1. Report the paramagnetic label zone for Lys215: residues of the stretch 249-275 whose backbone N is under 11 Å from a point 7 Å from Cα along the Cα-to-Cβ axis.
2. Once you place label points 7 Å from the Cα toward the Cβ at Thr50 and Ala13, how far apart are they in nm?
3. By DSSP, what percent of the beta bridges with both residues in the chain are antiparallel, rounded to the nearest 5?
4. At what distance in nm do the modelled label points of Gln364 and Glu26 sit from each other, each positioned 7 Å from its Cα along Cα→Cβ?
5. Run down the aspartates and glutamates and flag those whose C-alpha is under 16 Å from the C-alpha of Lys434, throwing out any fewer than 8 positions away in its chain.
6. With the cut-off at 1.5 for a/c, could you classify the stretch 335-389 from its C-alpha gyration tensor as rounded, prolate or oblate?
7. For the chain, what is the mean residue ellipticity at 222 nm derived from helices alone (per DSSP H run of n ≥ 4: -39500 (n - 2.57); sum divided by total residues; nearest 500 deg cm²/dmol)?
8. For a quick protection proxy, order the peptides 237-246, 406-415 by their average other-Cβ count within 10 Å, most packed first.
Amino acid sequence: MTEKPTVTFAKFAAPKKGSVIVLVPEGGKLGEPAAACDPADILPKIFATTDFNGKLAASVEALAPQGTAYDRLTAVGTGKVDGLNEEAWLKIGGAAAAAAKNATEVTLVADVAGAEIAAADIASIGLGILLRSYVFDKYKTKKEENGAKQPSRGKAVKFTIQCADPAAARKAFADAEAVADGVYLARDLVNEPANVLGPVEFAEKVRELEELGVKVDILTEKELQKLGMRALLGVAQGSVRPPRVAIMRWSGGKVREKPVAFVGKGVVFDTGGISIKPAANMEDMKGDMAGAAAVVGLMRALAARKAKANIVGMIGLVENMPDGNAQRPGDIVTSMSGQTIEIINTDAEGRLVLADLLWHCKEQFKPQFIVNLATLTGAILIALGNAYAGLFSNDDQLAERLAEAGNATGEKVWRMPLGPEYDKLIDTKNADMKNTGGRNAGSITAAQFLKRFVGETPWAHLDVAGTAMASPSSEINQSWASGFGVRLLDRLVANHYEG
Ligand code: BES
Ligand code: MN
Ligand code: ZN
């Protein structure tokens, strides 16, 4: 299996060997520590003879450069110095990890001519290195493909980041690494196929968080029946694999402080049920638990960095299958809240799972807010593609805080409307509501449905169907699963709900 790189910090000193990476802003000027790594002035010659111009995350390399004992000397572009924000530092780290290729010892000289670099920026470079280095290759049994070495395989890469204040960088990076571990966990869960990761197996993975001091309760089918989670159970009843609900609690805040709560859709596989999906791309539905995976990754991150807040995580784990015992269109179920739901389409199952979770979460924990994450609708992909997650909220302050955390971390959210015009689209003659609202505004009617189960609790729903899976390759992610939501919500907590 591919190992996570190690990242350590040191003072500036021209390295003796290994692979060396220097940073170059637009225009192509080398700072002093970088120039010291290039005694024969090879890089300026390369800049003059290639199209490398210091563009953000671009790179160019010299192999076995003369006058040094290095295997490789690489220049990574940083873009314009005044554009060096958090997202840029992450991308620089990502580009550095990519430029390392199959080197095992890499020194990154974190100096940019004309820029001030804070400890937090160095930590972001380190986080970018970790995020970019993630590879899901546990099912690849061959070390070589077509005669070529697989750069991702084998020993862990050792990165040393040289910077002005290594001690401060080390401190800032400890929290960033906790977050990276949470993202790795979320990506692993989403990438794992559904034959391996059913509801029971997923719940077992959640148990592992106990090692970090997270309290974990796993509710079995019997207990869910007792609670009256009939909307969730209706989705699960077509599968031979029984459902689970996992409740995670981290108590890092003041004793009597109300918790903040995160709820996730964990449909381990979504065939659509009796309203079965077409075959094309159905394999992607192994990722229909990405909301739940983000909640678990988030809890891991918060616990590992000992967040000073009380946090509840709650996920609903089910499989949506067609079967002799499966739920039918036309069925009417009574949710835990007492509200009745007419099932029009068994493929609109995520909202049924969330309905009972949201209600239980609000009743049981009376949280300051609930944020839920779900790969809820294909329609959100039509509206926003994969650059933004859909944000729906009954609370302007919570919505603004999420948007701000999104812009800072690069896990961006775009607020969509809610309103009575949409709400009436899910009214039906036969019950309190129906589970679909027709073709138009599909993401909004899904959100309106959820809103009926949160009462007055400040709440936000993130539709991550476009951002959590089938992700385009980026500077900081090469995997099918992005782990979307872990960094965003970790930041939300850090900015507003700690200490
Ligand atoms: N899990 C899907 C949504 C989805 C689609 C996630 C594509 C990721 C990529 C969800 O359960 C679903 O099937 N939604 C339906 C709702 C419809 C039946 C009202 C949809 O979006 O088509
Ligand atoms: Mn579905
Ligand atoms: Zn689904």
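1. In the stretch 249-275, the label zone of Lys215 (backbone N under 11 Å from the point 7 Å along Cα→Cβ) covers 249-252.
2. The answer from the label model is 2.9 nm.
3. 40 percent
4. Placing both labels 7 Å along Cα→Cβ, they lie 5.1 nm apart.
5. Cross-link targets: Asp331, Glu342, Asp347, Glu349, Asp356, Glu421, Asp423.
6. Cα axes put the stretch 335-389 in the oblate bin.
7. -10000 deg cm²/dmol
8. Values: 237-246: 21.2, 406-415: 19.6.
Output ranking for 237-246, 406-415: 237-246, 406-415.
The values are calculated or read from the model by the stated rules, or taken from the named source; none is laboratory data. These numbers come from a predicted model, not from an experiment. As a convention, Cβ positions derive from the backbone with ideal geometry for all residues, glycine included, and neighbour counts pool all protein chains shown. Quick note on the areas: whole protein, heavy atoms, side chains included, nothing else; ligands and nucleic acids left out. Shrake-Rupley method; radii C 1.70, N 1.55, O 1.52, S 1.80 Å.
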